[in-house]
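Engineer: Please see the structure below; I have some questions.
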Amino acid sequence: MGIYGKITREKKMILSIESSCDDSSISVTEVKSKKLLFYKKISQEREHSEFGGVVPELASRLHAVALPKILEETKEFFPKLRAVAVTNGPGLGVTLMEGVEMAKTVSAMLDIPIIAINHLKAHIYSLFIEKETIFPILVLLISGGHTMIVKVESLNSMQILASTMDDSIGESFDKCAKMMDLDYPGGPQIEKLAVLGDENRFNFPVPLSNSPLLAFSLSGLKNAIRVKIEELGGADNLSYKDRCDISASFQKAITAHLLQKSKKIMSAQNIKDFAIVGGAAANQSIRDTFASLCDKLNIKQHFVELKYCSDNSAMVGRIAIDYFLDNQIMDHKSISTLISKKRQNGEL
């Protein structure tokens, strides 16, 4: 029967924990129906806003307070849990460990296995929350720390076709916003101002537009923003119109960059399903632009619900179901060994 022989058929749920950065989130998902039975997320944006970005040590302390409070609300589900899933990377080491330690405790207490979840794969599975999977599919993942196009053929077959050479999309939005003295997180601030701005006022360069490389690069564009702000007298001298026009012109350039590289890959691949996932996937301008491209290429575009674009435990729970059914599980001691190896390899 194995070490999990006490599990009965009535126990059919997975508890999932997300703490890779600054969002504390726990969910409970039913294995058979894939239904989300419980979901809660506590954001730390307000606490980090005064620093202009996430402070890892502060985030860890806030997780230590928030996660136990959320877990307390899930106790009614404990008798039916068959596994506990937890994000174990990539992410901030000190924040990931808050979730991992909680998962180890739940695993030992309830005598259920742990499912170690890759954060980026979980973002891909945000497409399938309370739904069946769609394979093969091309996925543009744009988040605070990553920018890549992934060819997804199955749970265990995901190939990165293009990735960033330097900054990520989300990081670029945040840094551009910070240069204009806007609040954190920068993405939503840029998007709001861009709607009111003139996207043609500043001719910011589209990265790698003349390069055959299937890759992304944002450092040059970010520097062009910095130079333009300095030419206008610095952030303190920017008018509201300046900020709106810079935001619109920046968003135009970054969207064109994503579009150019994605179009080449989409045209070369015989895959008729496409999606954008990750925190920056909430940007409506990017969504609309890619929807138009997909229509032209006769490709079906799939959207993640806005509330599931940023980090969350619902996506962790959804991919955990497939890992569980594929018997990719471990005990609370094994995940400690896995984390130690990742630290040694500098992966956390």
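Engineer: Is it the case that the stretch 284-296 has a residue that's in a loop (DSSP other than H, G, I, E, B) and aliphatic (A, V, I, L, M)?
Structural biologist: Checking the stretch 284-296: not a single residue is in a loop (DSSP other than H, G, I, E, B) and aliphatic (A, V, I, L, M).
Engineer: Out of curiosity, is Ile160 assigned to a helix (DSSP H, G or I) and either of a type in the set (Phe, Trp, Tyr) or assigned by TED's automatic domain parsing to the domain that holds Asp273 (or both)?
Structural biologist: Considered against the rule, which asks whether it is assigned to a helix (DSSP H, G or I) and either of a type in the set (Phe, Trp, Tyr) or assigned by TED's automatic domain parsing to the domain that holds Asp273 (or both), Ile160 comes out as no.
Engineer: Just wondering, is there one or more residues in the stretch 79-92 that are in contact with an Asp or Glu (Cβ under 6 Å, 6 or more places away or on another chain) and crowded, with 19+ Cβ neighbours inside 10 Å?
Structural biologist: Yes, there is a match, as at least one residue in the stretch 79-92 is in contact with an Asp or Glu (Cβ under 6 Å, 6 or more places away or on another chain) and crowded, with 19+ Cβ neighbours inside 10 Å.
Engineer: Mind listing just one residue for me: the one in the stretch 2-31 that is assigned to a loop (DSSP other than H, G, I, E, B) and small (Gly, Ala, Ser) and, of those, modelled with the lowest pLDDT?
Structural biologist: Selected residue: Gly2.
Engineer: Of the numbered conditions (1) of a type in the set (Gly, Ala, Ser); (2) part of a helix (DSSP H, G or I); (3) within 19 Å of Arg287 (Cβ to Cβ), Gly144 fails exactly one; give the number of that condition.
Structural biologist: All conditions are met except number (2).
Engineer: Is it the case that the stretch 275-294 has a residue that's touching a Gly at 6+ places or on another chain (Cβ under 6 Å) and either crowded, with 23+ Cβ neighbours inside 10 Å or not assigned by TED's automatic domain parsing to the domain that holds Lys34 (or both)?
Structural biologist: Checked the stretch 275-294: at least one residue is touching a Gly at 6+ places or on another chain (Cβ under 6 Å) and either crowded, with 23+ Cβ neighbours inside 10 Å or not assigned by TED's automatic domain parsing to the domain that holds Lys34 (or both).
Engineer: It is to be established whether one or more residues within the stretch 33-49 are of a type outside the set (A, V, I, L, M), more than 22 Å from the chain's Cα centre (by Cα), surrounded by 14 or more Cβ atoms within 10 Å (Cβ to Cβ) and modelled with pLDDT of 95 or more.
Structural biologist: Looking for residues that are of a type outside the set (A, V, I, L, M), more than 22 Å from the chain's Cα centre (by Cα), surrounded by 14 or more Cβ atoms within 10 Å (Cβ to Cβ) and modelled with pLDDT of 95 or more, one finds none in the stretch 33-49, hence no.
Engineer: What single numbered condition from (1) touching a residue at least 40 places away in the same chain (Cβ under 8 Å); (2) in a strand (DSSP E or B); (3) farther than 30 Å from Ile246 by Cα fails to hold for Val152?
Structural biologist: The one condition Val152 does not meet is (1).
Engineer: For the list (1) touching a residue at least 12 places away in the same chain (Cβ under 8 Å); (2) farther than 17 Å from Pro212 by Cβ, I need the number of the one condition that Lys263 fails.
Structural biologist: Only one criterion in (1) touching a residue at least 12 places away in the same chain (Cβ under 8 Å); (2) farther than 17 Å from Pro212 by Cβ is unmet by Lys263, namely (2).
Engineer: Could I ask something else about it? Of the numbered conditions (1) surrounded by fewer than 24 Cβ atoms within 10 Å (Cβ to Cβ); (2) free of Cβ contacts under 8 Å to residues at least 24 places away in the same chain, Ile134 fails exactly one; give the number of that condition.
Structural biologist: It is condition (2) that Ile134 fails.
Engineer: Within the stretch 89-124, track down each residue that is part of a strand (DSSP E or B), more than 15 Å from Ile14 (Cβ to Cβ) and modelled with pLDDT of 95 or more.
Structural biologist: Scanning the stretch 89-124 gives a single hit, Asn118.
The values are calculated or read from the model by the stated rules, or taken from the named source; none is laboratory data. Given the structure is predicted, the values throughout are model-derived calculations rather than measurements. Glycine also receives a Cβ, built like all others from the backbone with ideal geometry; neighbour counts cover every protein chain displayed.
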